[in-house]
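In what follows, a single structure is set out as structure tokens and then discussed.
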Amino acid sequence: MTIQNSLRTQPDEQGHFGQFGGRYVAETLMPLILDLEKEYRKAKQDPAFEEEFQYLLRQYVGRPNPLYYAQRLTEELGGAKIYLKREELNHTGAHKINNCIGQILLAKRMGKTRIIAETGAGQHGVATATVAALFNIPCTIFMGALDVERQQPNVFRMKLLGAEVRAVESGARTLKDAMNEALRDWVANVHDTFYIIGTVAGPHPYPELVRDFQSVIGKETREQILEAEGRLPDSIIACVGGGSNAIGMFHPFLDDPEVEIIGVEAAGYGLETGQHAASIAGGFPGVLHGNKTFLLQDEDGQITEAHSISAGLDYPGIGPEHAWLHEIGRVRYEPVTDDEALAAFQKLCKLEGIIPALESSHALAAVEKIAPTMGKDKIIVVNLSGRGDKDIFTVAKALGVEI
Amino acid sequence: MTDRISPTFATCREQGRAALVCFITGGDPTPNDTGAMLDALVAGGADLIELGMPFTDPMADGPAIQKANLRSLGAGTTTADILEIAASFRQRHPQVPLILMGYANPMIRRGSDWFADVAKNAGVDGVICVDIPTEEDGELGPALREAGLHFIRLATPTTDKARLPAVLQGSSGFLYYVSVAGITGKQQAAQASIEEAVAHLKSGTDLPVAVGFGVRTPEQAAAIGKVADGVVVGSAIVDIIGEHGANAAPHVREYVASLRTALGAEEVA
């Protein structure tokens with residue numbers, strides 16, 4: 001495959017992935033994101049930046065994490081060999097920290113003295129508060145008031161790490177509203193504040209730089225599977241909310257046509273109920289939070305509320321690069337319901353002794369459907385993006401257990 | 001097209017005063033009430049009207065206009081309602097410039113050509129879109145210009161000399177100067193910084209410059225009116241509607257008249 005035909009050179013200079021992506025922001029923010037882009041280009045060329053990033057990933061995050069052959073799960077499903085990329089073993093328990101390390105290094109380069117971030121379940125908030133503590137930069141986390149109620153342990157973690165947690169009372173008081181409020185804060189504090197966006201969404205260059213920082217997942221996986229099996233996998237699978245763990249896993253494989261790539265969207269109570277978070281299966285292209293992408297919306301372009309048992313997937317949009325990969329047919333996006341994810345969650349606990357995040361459980365549920373249809377000589381890699389300790393209360397409630 | 005915007009600024013200039021630009025959110029508190037609110041703006045002496053299109057996620061707005069959006073959407077306001085409000089305003093007020101203001105997604109949902117077309121047919125003169133900067137002009141700008149509608153852009157305190165030409169490219173009608181780096185309705189910028197900014201903008205364009213964000217009192221309006229071609233007031237009016245609901249019209253009229261008097265109006269129709 002020649003460079004020209006590569007799927008790995010997006011976005012274009014305007015930050016577009018095909019018709020998606022772009023910079024749909026208020027004029028106040030434009031000079032700032034142009035500046036961020038310039039600084040990011042410089043950082044990418046700077047060996048010292050890369051060196052510090054790699055050092056922290058190794059010594060602080062604990063990378064590389066293993067690519068683990070899940071023998072019992074493989075035997076139970078009776079088809080393809082299943083490997084788990086163990087992002088849940090990272091410091092703070094998920095892939096989110098990879099991106100936060102990269103962005104705080106950028107913030108430092110740019111001389112910013114204050115950090116803000118949005119969070120849904122609190123995972124990105126905890127990861128951001130963690131790097132802010134490490135770099136001694138004051139940090140404010142915006143979190144929907146409803147999520148604050150639902151995710152008290154993470155709220156307390158952020159506070160322990162020295163972050164201020166601001167409960168957002170507007171809208172449905174969840175992730176979307178937290179992002180609105182973070183944007184409002186940013187626009188009012190552009191001179192000193194760096195916004196660490198937690199996923200591959202938002203205005204250009206965020207989808208690109210978050211992807212680049214998360215691509216360490218796919219790069220490691222590539223090396224590890226070649227070492228273990230001497231070839232690339234037949235399928236790679238990851239869950240998609242905004243889609244940062246998925247794009248981090250997928251991107252290094254986009255130019256390998258023999259590798260089938262599957263993204264898993266949260267289908268909530270089922271696509272037919274309208275209560276889901278599957279932007280590709282149930283949405284239309286539109287503009288929100290700085291980028292053009294598939295969005296859950298009504299016929300007038302009003303954004304509708306998403307639903308998923310997994311707070312990390314509970315967002316009415318998806319990263320623009322995913323929208324593009326769907327449109328060109330390179331990645332297949334499959335829906336998985338709350339119930340299917342819950343079943344997969346329990347299965348991994350029992351078979352492998354690993355408690356997966358509910359987000360990652362969506363990817364595992366897709367594996368359960370796909371693996372048995374494949375021969376035993378086939379290989380699947382699934383991104384175990386986070387650990388599920390944070391989800392035990394949600395799961396207990398769903399199973400009718402009191403703890 | 002009949003251009004209502006430039007003649008309006010010209011008339012105000014002849015009268016030796018700044019134009020009064022007033023914003024309300026369409027459909028607030030209900031679509032049926034908006035006509036009376038718009039009439040109150042005109043009766044109070046507004047020269048140009050900005051009609052907000054409600055959106056679920058008004059990222060650039062402060063609490064006042066966020067709440068107005070929620071009230072409007074809560075009352076079931078649709079895009080069709082906004083267009084009907086605009087069309088009936090145009091029938092009652094053939095000369096008053098009417099501008100639709102809002103966020104990209106409701107404007108492009110059925111295609112930018114569709115939107116430009118229906119807005120034009122409803123008698124709208126121009127459009128302000130908060131989240132379509134010059135870089136994404138193609139999403140909406142060509143369709144508006146094709147339909148003969150003004151695409152009114154925003155300049156901000158972060159719009160420096162190097163960036164100003166980009167902001168001005170393809171913009172017409174007037175230039176809306178957002179005087180604070182922040183959200184609507186919060187705080188007001190220092191008068192000196194506004195004067196400096198308006199001078200900077202005027203050095204780059206012949207378009208009238210209207211200044212908004214955080215203007216609440218007649219005194220503030222008067223001070224800004226001395227240096228700018230127009231003064232935009234939104235959140236303060238929206239707050240009155242929030243307080244008085246469907247009965248807000250007389251209060252709105254009274255407040256707008258106080259602004260207009262401060263700008264130097266001898267008589268209000």
Worksheet item: Would the range B:162-176 turn up any residue that is within 20 Å of the chain's Cα centre (by Cα), buried (at least 24 other Cβ atoms within 10 Å of the Cβ) and without any contact (Cβ under 8 Å) to a residue 60 or more places away in the chain?
Response: yes
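Just to check your reading of the model, which residue among B:Gly27, B:Gly35 is assigned to a loop (DSSP other than H, G, I, E, B), under 18 Å from the mean Cα position of the chain (by Cα) and under 18 Å from B:Val252 (Cα atoms)?
Numbers: B:Gly35 fails: assigned to a loop (DSSP other than H, G, I, E, B).
Unique residue meeting the criteria: B:Gly27.
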Worksheet item: From A:Lys159, A:Lys85, A:Lys96, A:Lys112, which residue is farther than 17 Å from A:Lys390 by Cβ, open to solvent by 10 Å² or more (accessible area, probe 1.4 Å) and of a type in the set (D, E, K, R)?
Response: A:Lys112
Practice prompt. Would you please name the residue that is most open to solvent (accessible area, probe 1.4 Å), looking only at residues in the range A:185-200 that are among the hydrophobic types (A, V, I, L, M, F, W, C) and within 13 Å of chain B (Cβ to nearest Cβ)?
Written response: A:Ala188
Worksheet item: In the range B:1-24, which residue that is in a loop (DSSP other than H, G, I, E, B) and within 19 Å of B:Ala119 (Cβ to Cβ) is most open to solvent (accessible area, probe 1.4 Å)?
Response: B:Met1
Worksheet item: How many of the residues making up the range A:283-329 are more than 14 Å from chain B (Cβ to nearest Cβ), in contact (Cβ under 8 Å) with a residue 24 or more places away in the chain and not acidic (Asp, Glu)?
Response: 15
Response to the item:
Given the conditions (1) away from chain A (no Cβ under 12 Å); (2) in a helix (DSSP H, G or I); (3) in contact with a helix residue (DSSP H, G or I) (Cβ under 9 Å, 6 or more places away or on another chain), every one holds for B:Ala166 apart from (1)
Discussion item. Which residue is farthest from the other protein chains (Cβ to nearest Cβ), if the candidates are limited to the range B:133-149 and must be of a type in the set (Gly, Ala, Ser) and crowded, with 21+ Cβ neighbours inside 10 Å?
Written reply: B:Ala143
Practice prompt. Output yes when any residue across the range A:106-124 is away from chain B (no Cβ under 14 Å), over 30 Å from B:Thr184 (Cα atoms) and of a type in the set (Val, Ile, Thr), and no when none is.
Written response: no
Worksheet item: Which one is farthest from the other protein chains (Cβ to nearest Cβ) among residues in the range A:12-51 that are crowded, with 21+ Cβ neighbours inside 10 Å and assigned to a loop (DSSP other than H, G, I, E, B)?
Response: A:Gly15
Worksheet item: Could you list, in sequence order, the residues of the range A:383-399 that are at pLDDT 95 or above, open to solvent by less than 50 Å² (accessible area, probe 1.4 Å) and out of contact with any Phe, Trp or Tyr (no Cβ under 7 Å at 6 or more places or on another chain)?
Response: A:Asn383, A:Leu384, A:Ser385, A:Gly386, A:Ala396
Worksheet item: Counting just the residues of the range A:260-274 that are more than 25 Å from A:Pro203 (Cβ to Cβ), under 21 Å from the mean Cα position of the chain (by Cα) and not charged (D, E, K, R), which one comes out nearest to the other protein chains (Cβ to nearest Cβ)?
Response: A:Gly268
Worksheet item: Among the candidates B:Ala262, B:Ala155, B:Ala249, which residue alone is open to solvent by 30 Å² or more (accessible area, probe 1.4 Å), at pLDDT 95 or above and aliphatic (A, V, I, L, M)?
Response: B:Ala262
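Test B:Ile152 against the stated conditions and say whether it is touching a residue at least 24 places away in the same chain (Cβ under 8 Å) and within 13 Å of chain A (Cβ to nearest Cβ). Even if it seems obvious, please write down each step before you answer.
Values: touching a residue at least 24 places away in the same chain (Cβ under 8 Å): yes; within 13 Å of chain A (Cβ to nearest Cβ): yes.
Yes; evaluated as a whole, the condition is true for this residue.
Would you confirm, using the coordinates I've provided, whether A:Arg63 is part of a helix (DSSP H, G or I), open to solvent by 10 Å² or more (accessible area, probe 1.4 Å) and basic (Lys, Arg)?
Answer is no for this residue.
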Worksheet item: Which numbered condition trips up A:Glu181, out of (1) closer than 19 Å to B:Leu70 by Cβ; (2) surrounded by fewer than 17 Cβ atoms within 10 Å (Cβ to Cβ); (3) out of contact with any helix residue (DSSP H, G or I) (no Cβ under 6 Å at 6 or more places or on another chain)?
Response: (2)
Discussion item. Name the residue that is farthest from the other protein chains (Cβ to nearest Cβ), counting only residues in the range A:201-212 that are surrounded by 24 or more Cβ atoms within 10 Å (Cβ to Cβ) and part of a loop (DSSP other than H, G, I, E, B).
Written reply: A:Ala201
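For the range A:1-11, give me each residue that is of a type in the set (A, V, I, L, M) and either surrounded by 12 or more Cβ atoms within 10 Å (Cβ to Cβ) or in contact with a strand residue (DSSP E or B) (Cβ under 7 Å, 6 or more places away or on another chain) (or both). I'd like the intermediate steps shown before the answer.
In the first step, residues of the range A:1-11 are kept if they are of a type in the set (A, V, I, L, M); the result is A:1, A:3, A:7.
Matches in the range A:1-11: A:Leu7 only.
Name the one entry in B:Gly62, B:Gly102, B:Gly74, B:Gly52 that is free of Cβ contacts under 8 Å to residues at least 24 places away in the same chain and either within 14 Å of chain A (Cβ to nearest Cβ) or within 27 Å of A:Gly144 (Cβ to Cβ) (or both). First the steps, then the outcome.
On the way: B:Gly62 fails: free of Cβ contacts under 8 Å to residues at least 24 places away in the same chain; B:Gly102 fails: free of Cβ contacts under 8 Å to residues at least 24 places away in the same chain; B:Gly52 fails: free of Cβ contacts under 8 Å to residues at least 24 places away in the same chain.
Of B:Gly62, B:Gly102, B:Gly74, B:Gly52, the one residue that is free of Cβ contacts under 8 Å to residues at least 24 places away in the same chain and either within 14 Å of chain A (Cβ to nearest Cβ) or within 27 Å of A:Gly144 (Cβ to Cβ) (or both) is B:Gly74.
The values are calculated or read from the model by the stated rules, or taken from the named source; none is laboratory data. Treat the numbers as computed from the prediction; the structure is a model and nothing was measured. Note: ideal-geometry Cβ built from the backbone for every residue, glycine included; neighbour counts use all protein chains shown. Protein only, heavy atoms only, side chains kept; ligands, DNA and RNA dropped before computing areas. Shrake-Rupley method; radii C 1.70, N 1.55, O 1.52, S 1.80 Å.
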